[in-house]
Amino acid sequence: MHSLDAFAQDKLDALDRHHLRRSLTETLREDGIWVERNGRRLLSFSCNDYLNLTQHPAVKAAAAEALATYGAGSGASRLVTGNHPLYAALEARLAAIKQAEAAVVFGSGYLANAGIIPVLIGSDGLIVIDEVAHACLYAGSQLSRGKIVTFRHNDVAHARELLEKHRGGHDHALIVTDGVFSMDGDLAPLEELLSLGEAHDAWLMSDDAHGLGVVGGGRGSSFAGNAHAPVPLQMGTLSKAIGAYGGYLCASAPVIELMRNRARTLVYSTGLPPAIIAGAIAALDVIEHEPDYAALPVKKAKTFTQAVGLADAVSPIVPILIGGEEDALAASELLVEEGFLAAAIRPPTVPAGTARLRLTFTARHPDEEIARLAQIVRERIVVRHP
Ligand SMILES: Cc1ncc(COP(=O)(O)O)c(C=O)c1O
């Protein structure tokens, strides 16, 4: 066999041996919560479309109108001819919702993180990052070529220890965390991290991919709870509650202007299709005008956690910790038999030994189905408590 194919096959065999092989399964999502997979209709607890806005008539109409008027693609990088006028409207809306001076939109959340961090941190810099922060925050951190140190999940005292030890030898420092953790559903202690950052001249960056639209009255994790944590670098995505596509950063005017000049994933990547931008603007309208609707995903998640006897949900994401990869896959299969789609999440997405079902709740999940799911989880799945 050609050495390239042999290399690939060896890697695949190793994944198989460890029950870590993944596959792309065709999935039809026609109404947002019900999906069709392998000929079966399943109620999905695995989509990040928390407000079901991918299917909202106003969002689809806005996207369809922009598609008909402006065409399918943007044709070039934003800095060349891909900067459609809709961008300015979307960025103004994002800055307003986050109470920031300015915003810049990237091609995706992954591209945003891969672009933002290397602009701020170079080879003399320091990055202090939560151990379970999203993979693309790690990707951006590695691209920066700065020193990366990880603190125990949500452990501010450990982050402080690391800053005390390492801050001195570096020109700039960045504290990096998810705002809502994508695989755990918990919130970062942003106010405490902000004070820590101020004490050590370390800039705080939060990734609010799972916060915008659904926590903090729709404004995101910096607004959760009673106080507002004025995080200077609020990144997020338009692909989850917003139901569209794209990533963004909200920050001060000079920081955003610097990103427009220096973030390589913005400068050297094609602008978003105008239809996507128009859809995202229409989605923000829904979120701003219908706060009770935006509160539903967390409310439904909480109903579920109370029914199962888990800690109260604080976001639409609820992990059901299983432990072993095979057991997690078996639990996911059991739920498919009952008509539910709940993906098993395995390493390296989560730490070894913490394979889980990751459930996501949306505004339109029927209460009686949530109750049925809770009963099955309670009675038939061995849940490991952290
Ligand atoms: C916390 C977090 N950040 C960033 C991303 C990447 O965003 P996008 O899907 O827009 O690339 C995701 C999910 O995909 C995420 O969960």
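Every read-out reported here was derived from the displayed coordinates using simple, explicitly stated rules and does not represent laboratory data. Keep in mind the model is a prediction, meaning the values are calculated, not measured. Quick reminder, even Gly has a Cβ in these numbers, built from the backbone with ideal geometry, and neighbours come from all protein chains shown.
Key figures
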read-out: Two-site FRET efficiency, ARG152 against HIS172, from Cβ-Cβ distance with R₀ of 22 Å, rounded to 0.05; value: 0.40
read-out: Table column - 3J(HN,Hα) (Hz), the stretch 175-189, Karplus curve with 6.51, -1.76, 1.60, x for Gly and Pro; value: 9, 10, 8, 5, x, 10, 6, 5, 10, 10, x, 8, 9, 7, x
read-out: Inter-label distance, nm, simple model (7 Å from Cα along the C-beta direction), ARG264/GLU30; value: 4.4
read-out: The stretch 160-319: C-alpha gyration tensor shape, a/c 1.5 cut-off, then a/b vs b/c; value: oblate
read-out: Mean Cα-pair separation over length for the chain, i.e. relative contact order, pairs under 8 Å, 6 or more apart, %; value: 22
read-out: Charged-residue dipole, Cβ positions (Lys, Arg, Asp, Glu), the stretch 1-132 about Cα centre, Debye nearest 20; value: 320
read-out: Charge dipole (debye, nearest 20) of the stretch 161-272; +1 at Cβ of Lys and Arg, -1 at Cβ of Asp and Glu; value: 540
read-out: With eigenvalues of the C-alpha gyration tensor scaled by 5 and rooted, the chain, Å; value: 31, 27, 23
read-out: Net dipole in debye of the chain [+1 Lys, Arg Cβ; -1 Asp, Glu Cβ; about Cα centre; nearest 20]; value: 420
read-out: Cα pair distances exceeding 16 angstrom across the stretch 132-178, given as percent; value: 38
read-out: Measure of compaction for the stretch 61-204 (Cα Rg per 2.2 N^0.38 Å); value: 1.23
read-out: Cut-off 11 Å (backbone N to label point 7 Å along Cα→Cβ of GLU290), residues of the stretch 38-61; value: 51-59
read-out: Length released on extending from GLU368 to GLU337, taking residue separation times 0.36 nm less the Cα-Cα span; value: 9.4 nm
read-out: Estimated translational D of the stretch 1-146 in µm²/s (Stokes, Kirkwood radius over Cα pairs; 4 °C; 1.567 mPa s); value: 65
read-out: Counted charge near LEU266, where neighbours are those whose Cβ lies closer than 10 Å (Asp, Glu -1; Lys, Arg +1); value: +4
read-out: Hydrodynamic radius of the stretch 6-63 per Kirkwood, over alpha carbon pairs, in Å; value: 14.2
read-out: Inter-site label distance for ARG41 and ALA199 at 7 Å from Cα along Cβ, in nm; value: 5.7
read-out: Residues ALA6 and VAL80, FRET efficiency given R0 of 51 Å [Cβ-Cβ distance, rounded to 0.05]; value: 0.75
read-out: Reciprocal of mean inverse Cα separation for the stretch 284-357 (Kirkwood radius, Å); value: 13.8
read-out: Added length on full extension, which subtracts the Cα-Cα distance from 0.36 nm per residue, ALA253 to GLN55; value: 67.9 nm
read-out: Charge context of VAL383, other residues only, Cβ under 12 angstrom, K/R +1, D/E -1; value: +2
read-out: Additional length obtainable on full extension of the chain from ARG17 to HIS385, 0.36 nm per residue less Cα span; value: 129.8 nm
read-out: Percent breakdown of C-alpha pair distances by 5 Å bin, ordered from the shortest bin, for the stretch 315-386; value: 3, 17, 28, 27, 16, 7, 1
read-out: Volume of the Cα convex hull of the stretch 101-167, divided per residue and given in Å³; value: 101
read-out: Reachable aspartates and glutamates, given that their alpha-carbon falls under 15 Å from the alpha-carbon of LYS60 and they are not under 8 places away in the same chain; value: GLU30, ASP31, ASP49, ASP285
read-out: For ARG17, net neighbour charge (Lys/Arg +1, Asp/Glu -1) across residues whose Cβ lies under 13 Å away; value: -3
read-out: Residue-averaged [θ]222 nm for the chain, counting only DSSP H segments that reach four residues, each worth -39500 (n - 2.57); value: -12500 deg cm²/dmol
read-out: Average Cα contact separation per residue, the stretch 148-197, under 8 Å, 6 or more apart, as relative contact order %; value: 32
read-out: DSSP bridge orientation in the chain - percent antiparallel, rounded to nearest 5; value: 55
